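The values are calculated or read from the model by the stated rules, or taken from the named source; none is laboratory data. Model, not experiment: these values are computed from the prediction. Here the Cβ positions follow ideal geometry from the backbone for every residue, glycine too, while neighbour counts run over all protein chains shown. Please note that ligands, DNA and RNA were not included when accessible areas were found on the heavy atoms of the full protein model with its side chains. Shrake-Rupley method; radii C 1.70, N 1.55, O 1.52, S 1.80 Å.
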Amino acid sequence: MPDPVIYTAVLPIGESTAAFVSQLLAGERARRGTRRGRRVLGCYRRAVLVLRWFLDATRVAQLAIDNQLSSSTTYRYLHEGIDVLAAAAPGLHGALLAARAAGHTHVHLDGTLIRTDRSRAFGPNAGVDLWWSGKHRHHGGNVQVLTAPDG
């Protein structure tokens, strides 16, 4: 193979967002008791990996190549990041209480399907896949967002 083309990219977020996700990952590492140097990527680079997947829809295969990781390690890092973000998010009841306390008269609910080609889970009935979206005719995770009236 000839020499590859190397390029840089910029994520449309502030440094504080990457630092926040990195701190969540560091907290999870401490909770699990993972020793320093036991992961190929540090918390900050894992945070950037997760944010690239969310913001740019970067394929997992590309994330693995860019970080010199195996696909399985990349998936593990990605799911660890998703898990810590989900754990940090308030539940629906907490978000509605916070909106009321902030004086909002209403909130906006929106969602999207984040496509995936590797996630499948059998549902309660035969032939039902929990990750399948009939509307989009593709596998993916349904992400719902509740925001204040100003977004």
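Please sort by residue number the trypsin sites (Lys or Arg not before Pro) in the range 96-151 whose DSSP state is loop and whose Cβ has at most 11 other Cβ atoms within 10 Å.
Answer by residue number: R118, R120, K135, R137.
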Inverse mean reciprocal Cα-Cα distance (Kirkwood Rh) of the range 45-125, Å: 15.2
Residue-normalised accessible area of the range 92-147, expressed per residue, 1.4 Å probe, Å²: 81
Of all accessible heavy-atom area on the chain, the percent that carbon and sulfur account for (1.4 Å): 55
GNM result for the chain, Cα springs below 10 Å: residue of T105, T73, T17 fluctuating most strongly: T105
Mean shadow area of the range 15-88 over all directions, Cα convex hull, nm²: 4.7
In order through the range 89-97: 3J(HN,Hα) via Karplus (6.51 cos²θ - 1.76 cosθ + 1.60), integer Hz, x for Gly, Pro: 6, x, x, 4, 4, x, 5, 5, 5
Per-bin percent of Cα-Cα distances, the chain [10 Å]: 9, 30, 34, 21, 5, 1, 0
Positive-pole candidate from L113, Y7, T73, dipole of the chain, charges at beta carbon: T73
Relative contact order (%) - criterion: Cα under 8 Å, at least six apart; region: the chain: 18
Two-site FRET efficiency, V40 against A101, from Cβ-Cβ distance with R₀ of 41 Å, rounded to 0.05: 0.45
Distant alpha-carbon pairs in the range 92-147 (separation over 16 angstrom), percent: 56
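Stretch A86-A9 to full length: gain in nm at 0.36 nm per residue minus the Cα-Cα span?
25.1 nm
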Mean separation of Cα contacts under 8 Å (6+ apart) over length of the range 92-147, as relative contact order %: 39
